[in-house]
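Below is one structure, written out as structure tokens; comments come after it.
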Amino acid sequence: MKINPDVCISCLECIDFCPMHCILETDEGVLIDQGDCVECSVCLHSEICPVEAIYRPEESLVYPRAIRLQMSDPSAEHPVFKAWGRGTEEAKTNDVTGKFSHGEYGMLFEFGRPVTGTRLTEVEKITRAVCAHGFEILKENPVFGLLEDKESGLMKKEYRNEKVLSIILEIRFEAERLSEVVKTIFPLLDDLETVVSVGLVTRFSERGDLPVIQELQAQKVAVRPNAKINVGLGRPLIS
Ligand code: SF4
Ligand code: SF4
């Protein structure tokens, strides 16, 4: 996003609307830091500017910078995965798609939040580790399309320095490998230059309980059970 200096009246109304704190009052006028702007469009969609000085330049829509808009603006559709909502819609419909069977777990790593965001190079540190240990990155997940090498988890180099508000990496592994994930992947999260939320996707056992909770707690992982049901919206395609 950019501000037209010929139109801006430096009223500063837009500054507090930016979740990345990248609209800056400078000696040269009010500017948007192009390195930190994630193209979330909040400043534009809020219509806060009284003189319509805020605009989306052509370069915001050009590859590879366009990934910022696709992953950061909830109203932008990912062109390949056709998912909305910062690329997270795909990960939020697991109860409908039924892609996680009994005997396996899904795990979501959500990188970035407002203010911090995340460079994609931080995501690559985890995709490489995931591949090195033989866990599966889901093909339906938008991160998969950013990879240069699907075997090693290397990201296309032009994406590495791009910054997004948040992005979700989704993996799948056999249930008996849970402790391996905890031991090999979790320690790496502490060294990332962003924040990460981790979600584990599982099914209730036939007894109606979730033994994975005790399993995680035994490994000193803090667990906060959370459930979401898309009532009436669909049924798993895979049972
Ligand atoms: S598009 Fe988003 S990140 Fe960029 S200046 Fe506007 S509000 Fe800030
Ligand atoms: S709201 Fe518009 S006029 Fe006011 S500082 Fe921001 S860009 Fe400039």
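How large is ³J(HN,Hα) for each residue in the stretch 188-197, as worked out from phi by the Karplus curve 6.51 cos²θ - 1.76 cosθ + 1.60 (θ = phi - 60°), to whole Hz, x for Gly and Pro?
Per residue, the Karplus-derived 3J(HN,Hα) values read 5, 5, 5, 9, 6, 8, 6, 9, 9, 9 Hz.
Could you work out how far helix 120-132 tilts from the main Cα principal axis of the chain, as a 0 to 90 degree angle to the nearest 10?
20
Apply the Karplus curve 6.51 cos²θ - 1.76 cosθ + 1.60, θ = phi - 60°, to the phi angles in the stretch 48-61 and return the couplings in whole Hz, x for Gly and Pro.
For the stretch 48-61, the Karplus curve yields 6, 6, x, 10, 6, 7, 7, 8, 9, x, 3, 5, 5, 9 Hz.
Note down the net charge around VAL198, summing +1 for each Lys or Arg and -1 for each Asp or Glu among other residues with Cβ under 11 Å from its Cβ.
Surrounding charge for VAL198 is 0.
List, largest first, the extents of the alpha carbons of the stretch 92-147 along their principal axes, each in whole Å.
35, 27, 18
Whose amide H sits under 5 Å from the amide H of MET155, counting only residues 5 or more places off or on another chain, with H placed in the peptide plane?
It is GLU148, by chain and number.
Tell me whether the stretch 2-62 comes out rounded, prolate or oblate; compute the Cα gyration tensor, take square roots of the eigenvalues as a ≥ b ≥ c, and use a/c under 1.5 as the rounded threshold.
Verdict is rounded for the stretch 2-62.
Just the Kirkwood number for the stretch 136-212, please: inverse of mean 1/r across all distinct Cα pairs, in Å, one decimal.
The Cα-based Kirkwood calculation yields 14.8 Å.
Out of THR97, THR26, THR116, any idea which swings most in a Gaussian network model of the chain, alpha carbons joined below 10 Å?
Looking only at THR97, THR26, THR116, the largest GNM fluctuation is found for THR26.
By per-residue mean of other Cβ atoms within 10 Å, what is the highest-first order of 121-129, 6-14?
121-129, 6-14
Quick one: Cα convex hull volume of the chain, Å³ per residue?
Each residue corresponds to 142 Å³ of Cα convex hull volume.
Each reported figure results from applying straightforward, stated rules to the coordinates on display, with no laboratory input. Keep in mind that this is a model prediction, so the values were computed, not measured. Don't worry about glycine lacking a Cβ; one is built from the backbone with ideal geometry, like all the others, and counts go over all protein chains shown.
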